[in-house]
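Novice: Below: one structure in structure tokens.
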Amino acid sequence: MHGAEILLQPGVFPRLLQGLWVTVWIAGVSVGVSIPVGLLVGWLMTLKNPVVRAIMRVYLDFIRIMPQLALLFLAYYGFARWFDWNLDATGACVLVFILWGGAELGDLVRGALQSIPKAQYESSYVLGLSPWQTFSRVILPQAVRRLLPASVNLATRIVKTTSLAVLLGVVEVIKVGQQIIDANRFQFPTGTLWIYGAIFFMYFIVCWPLSIVARRLEKRWSHD
Amino acid sequence: MTIKIGNAFKTIIATGAALMMAVSVAACGPSAGTPSDSASSDSSSSSSSANAKARTLDEIKKSGKIKIAVFSDKAPFGYVDQDGKYQGYDVVFAERLAKDLGVDVEYTSVDPAARVDVLTSNKVDLVLANFTVTDERAEKVDFAKPYMKVALGVVSPEDAQITDVSQLDGKTLIIAKGTTAETWFEKNAPNVTLQKYDQYADAYNALLDGRGDAFSTDNTEVLAWAKANKGFKVGITHLGDDDTIAPAVQKGNKELLDFVNEEIAKLGEENFFHKDYEQTLEPVYGDEVDPDEIVVEGGEL
Amino acid sequence: MTEQTQPNAVNSEAIAAFETSGPSAVSDCKGFEVKHLVKQYANADKPVLDDISFKVEHGTVLVVLGPSGSGKSTLLRTLAGLEPIQGGTISINEKVIDEGKPGTEKAGRSNRSSELRTRIGMVFQSYDLFPNKTVLGNITMAPVLVQKRDKAEVEAEALKLLERVGLADRKNAWPHELSGGQRQRVAICRALILHPEVLLLDEITAALDPEMVREVLDVVLELAKAGQTMLIVTHEMQFARAIADHVILLDGGHIVEESHDAHAFFAHPQTERAQQFLRTFEFE
């Protein structure tokens, strides 16, 4: 198949890598900020206050029910039109992925926190630990172990979902691929498969280590 | 566990701040909208005008950049070359507009479906993305004078060339669903058997395999394809009504609209769009096509 | 101090590792005292603990007996501050650390300071080591974090304690790698390293396999010999008889019998309720 030669054209690989960097950047920032947001949301979800609980419930359900694409359009076009809040495409993506990641991670955190036996809190109290010390030194480390495999899966999903950013005009790896395919459509009519193959491989390279880490951690911490 | 409300509140504030920071960091992250221009893009471009109301000509001049939506994967109108630079017929026009306005261009890559939305939500000042003028679209955005026109073309094998619609009687014509070609042939050529495909790629393959006698869609598209595929020729380069292609601005942005219209008129005097054609479209369409079938000069049909 | 020098395999250096800090002179005011303690839950018509008073002299062991539901565990939980009290006082060395207030029925915990909490140690029935810390990490966390003690000094003491309970070689093990008996011994070390005035043991062998009960109780017996003030809830009658300086029998939230002569209590209980209670263990 001479279509493979498209990959050897000058500029093709560097541009794909540049696109991949945009993908990884959006996913990285989103996941990075989702962690503190998720911890906070998860903690709020465990509170007994009915108002806080209801708000968190609505937040989680809203994010779950809405397709990510709809959220992206809301953030990108809707905010600008309704609130005069004009986010650029990358910012809108990051915001949506943080809200999404924060909600999903929050639910994982809630589940993990609630699965920690009461005796862990009581032992900490009796040993004189402050509530913050109890949370940060005892409860959180255990909760993190329980939720880590699932959160790595979530991170992988976020990486993959960044491909929706194309639809806001973000030029990430898929868009770069489409540009290359189009620019070469007469020279390399069968280049499509090769470019998408290369993109598949790039996603794989990004996501595969994550799933390995998830599996390792799951195995190592299975006893908790 | 009793966490004091004060502490909880601080945590919320802190996390909220972190979130806001992340968003603003995002704004100065890799310049995804303009890969060709990543070095010079800055974060203020979108946040400074936090308003869905269109920017005035003065505001554009002041910011030093005009934001223009173009295609990034529709060669030869708007595409990104191997160096990552925007190129094409629309882009040449965009560059000239910016030059005359004394500003740089910040390109945003758009998909066909997003062309109206990017204007109504003020993501860009101007759309130059092979935007065909329709009544429906004209209700949502303001079109300037046209700079291009498009009609239908019919491509067929060189050894069985179709040069007139009458030759298609009783034959099979390949078309892509939802295109103007479909509507036109259904209405005007009832004796032609239509073979419909969802994707252009499938339609072209059908033509290559001989499943149909000819293929019809926008003349610009078939011209480009025929040039790259030996043994095929566009026998009919101009069929049906002309659709015009024009720049679009946000509804009511009269100042910018007037500027663009003046530019088009002025550029007509120097035959700018013919030069643009020679530079960007001719290498793709070849010299057998009469540029006047595609180019509109000075906004006059 | 009631440091005993019986010859049975207790070496004096090891005892030193158990010794609580502070002056060894015994004064009358030292000890752990409860006066008129009342514990009432929010939706209950009568208190779980009603007017409980007793004093555990410094260096002695009080064993609390009683049928299930008598309020033993609740008593220990209130003493540890895990449940707020609605009446009476809890004091250490005549200093009140917790005072009953009505209207706190729904509250989760007593609002004792960290410092006060470290003065009362507690080991639970369930294995409650922190699974994310090694044996050594479990023991050294609170003294370093709460008492701000030097890490090296704390580790040295932790090692001595582990040696004493026969687990020095497991210092880097994770809790899940230990047997139930080993975990309870580590939990005891974790409580002891804070040098509590009193150690509360809440049925610490109840969840253990029978063959592990002995190894844990031996450790507790040695602690008693070393003069650790303790308050023990247990169903092991042989053990209770061997270790108690002082016994109270709880039933229905009241003290039905109290004795400062454990042998006399087990041999000739005074009240009918105590006789009846002790008879239920006769098949053991």
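The values are calculated or read from the model by the stated rules, or taken from the named source; none is laboratory data. As the structure is a computational prediction, the values presented were derived from the model and not from experiment. When we count neighbours, we look across all protein chains shown, and the Cβ atoms used for this are built from the backbone with ideal geometry, even at glycine. We work out accessible area using only protein heavy atoms, side chains counted, and drop any ligands, DNA or RNA first. Shrake-Rupley method; radii C 1.70, N 1.55, O 1.52, S 1.80 Å.
Novice: So if I take the alpha carbon set of segment A:1-129, get Rg, then get Rh from the Kirkwood formula, what is the Rg over Rh ratio?
Specialist: In segment A:1-129, Rg relative to Rh is 1.18.
Novice: If we count every other residue with Cβ under 13 angstrom of A:Y59's Cβ, Lys/Arg +1 and Asp/Glu -1, where does the sum land?
Specialist: Numbers: positive: A:R53, A:R57, A:R64, A:R110; negative: A:D61, A:E104, A:D107.
Every neighbour counted, the sum reads +1.
Novice: Mind checking the dipole of segment B:150-243: about its Cα centre, +1 per Lys or Arg Cβ, -1 per Asp or Glu Cβ, Debye to the nearest 20?
Specialist: 220 debye
Novice: Okay, moving on. What does the accessible area of B:E293 come to, in Å² to the nearest 10, when a probe of 1.4 Å is used?
Specialist: For B:E293, the solvent-accessible surface is approximately 50 Å².
Novice: Mind checking segment C:202-284 for chymotrypsin sites (Phe, Trp or Tyr not before Pro) that DSSP puts in a loop (not H, G, I, E or B) and that have at most 14 other Cβ atoms within 10 Å?
Specialist: Within segment C:202-284, the qualifying chymotrypsin sites (Phe, Trp or Tyr not before Pro) (loop, at most 14 other Cβ atoms within 10 Å) are C:F281, C:F283.
Novice: Right, next: Looking at segment B:150-243, send over the antiparallel percent of its DSSP beta bridges, to the nearest 5.
Specialist: Around 55 percent of the beta bridges assigned by DSSP in segment B:150-243 are antiparallel ones.
Novice: Structure shown: which of A:K160/B:K62; A:K48/A:K118; B:K62/B:K123 lie over 27 Å apart, alpha-carbon to alpha-carbon?
Specialist: Working: A:K160/B:K62 39 Å; A:K48/A:K118 16 Å; B:K62/B:K123 17 Å.
Checking Cα-Cα distances, A:K160/B:K62 exceed 27 Å.
Novice: Give the value in nm², to one decimal: projected area of the alpha carbon convex hull of segment B:163-301, averaged over all directions.
Specialist: Taking a quarter of the hull surface, the average projection is 9.9 nm².
Novice: Which percent of Cα pairs goes in each bin when the distances of segment B:189-247 are cut into 5 angstrom slices starting at zero?
Specialist: Reading the bins upward from 0: 4, 15, 26, 26, 19, 8, 3, 1.
Novice: Indicate, rounded to the nearest 5 percent, the antiparallel portion of the DSSP beta bridges found entirely in the protein assembly as shown.
Specialist: Close to 60 percent.
Novice: Mean separation of Cα pairs under 8 Å and 6+ residues apart, divided by the residue count of segment B:150-243: what relative contact order is that in percent?
Specialist: For segment B:150-243, the relative contact order is 49 percent.
Novice: Ratio of alpha-carbon Rg to the 2.2 N^0.38 Å globular estimate for chain A, to two decimals, please.
Specialist: 1.24
Novice: Starting from the residue with the highest accessible area, list A:F201, A:F73 in decreasing order, probe 1.4 Å.
Specialist: A:F201, A:F73
Novice: What translational diffusion coefficient, in µm²/s and rounded to a whole number, does the Stokes-Einstein relation yield for segment A:6-64 at 37 °C and a viscosity of 0.692 mPa s, taking the hydrodynamic radius as the Kirkwood radius over Cα pairs?
Specialist: 228 µm²/s
Novice: Considering only protein heavy atoms, what is the solvent-accessible area of A:I55 at a probe of 1.4 Å, reported in Å² to the nearest 10?
Specialist: 100 Å²
Novice: Continuing with the same structure: Compute, for B:D242, the solvent-accessible surface of its heavy atoms (probe 1.4 Å) with the complete set of protein chains present, and express it in square angstrom to the nearest 10.
Specialist: Approximately 60 Å² for this residue.
Novice: On to the next question. For the charge dipole of chain C, defined by +1 on Lys and Arg C-beta atoms and -1 on Asp and Glu C-beta atoms about the Cα centroid, which residue among C:T134, C:L249, C:G59 has the Cα displaced farthest towards the positive pole?
Specialist: Selected residue: C:T134.
Novice: Just need the relative contact order of chain C here, percent rounded to a whole number, with Cα pairs under 8 Å and 6+ apart.
Specialist: Relative contact order for chain C comes out at 25 percent.
Novice: Note the per residue figure in Å³ for the convex hull of the C-alpha positions in the protein assembly as shown. Working shown, then result.
Specialist: Numbers: hull volume 184.5 nm³, N = 809.
Looking at the protein assembly as shown, the number lands at 228 Å³ per residue.
Novice: Set Lys and Arg Cβ to +1 and Asp and Glu Cβ to -1, take the dipole of the protein assembly as shown about its Cα centre, and tell me which of B:A113, B:I68, C:H235 lies farthest positive.
Specialist: The listed residue farthest towards the positive side: C:H235.
Novice: On average, how much area does the Cα convex hull of segment B:224-272 cover when viewed from any direction, in nm²?
Specialist: Projected over every direction and averaged, the Cα hull of segment B:224-272 covers 5.9 nm².
Novice: Would you work out the charge dipole size for the protein assembly as shown about its Cα centre, treating the Cβ of every Lys and Arg as +1 and the Cβ of every Asp and Glu as -1, and quote it to the nearest 20 debye? Don't jump to the answer; show the numbers that get you there.
Specialist: On the way: 79 positive and 101 negative charges, 594 e Å.
Computed charge dipole of the protein assembly as shown: roughly 2860 debye.
Novice: What is chain A's relative contact order, in percent, from Cα pairs under 8 angstrom and six or more apart in sequence? Each step should come with its number before you reach the end.
Specialist: Details: 246 pairs, mean separation 70.8, N = 224.
Relative contact order comes out at 32 percent.
Novice: Taking a threshold of 23 Å on the Cα-Cα distance, which of the pairs B:K53/B:K254; B:K149/B:K171; B:K99/B:K145; B:K149/B:K187; B:K67/B:K99 fall above it?
Specialist: Listed pairs above 23 Å: B:K149/B:K171.
Novice: Which of the listed residues, C:T280, C:G121, C:V165, is farthest toward the dipole's positive end in chain C, when Lys, Arg count +1 and Asp, Glu count -1 at the beta-carbon?
Specialist: About the Cα centre, the residue reaching furthest to the positive side is C:G121.
Novice: Here's something else I'd like to know. Counting only other chains, and only Cβ atoms inside 10 Å, what mean value do you get across the residues of C:173-180?
Specialist: Partner-chain Cβ atoms within 10 Å, mean over residues of C:173-180: 1.
Novice: Would you work out the charge dipole size for segment A:84-199 about its Cα centre, treating the Cβ of every Lys and Arg as +1 and the Cβ of every Asp and Glu as -1, and quote it to the nearest 20 debye?
Specialist: That gives segment A:84-199 a dipole magnitude of about 440 debye.
Novice: For segment B:150-243, what does the equivalent ellipsoid look like in terms of its semi-axes, each the square root of 5 times an eigenvalue of the Cα gyration tensor, given largest first in whole Å?
Specialist: So the three semi-axes of segment B:150-243 are 17, 14, 14 Å.
Novice: Here is a follow-up. List the pair-distance distribution P(r) of chain C, using every Cα-Cα distance, as the percent of pairs falling in each 5 Å bin from 0 up to the bin containing the longest distance, rounded to whole percents.
Specialist: The percentages, shortest bin first, are 1, 6, 12, 16, 18, 18, 14, 9, 4, 1, 0.
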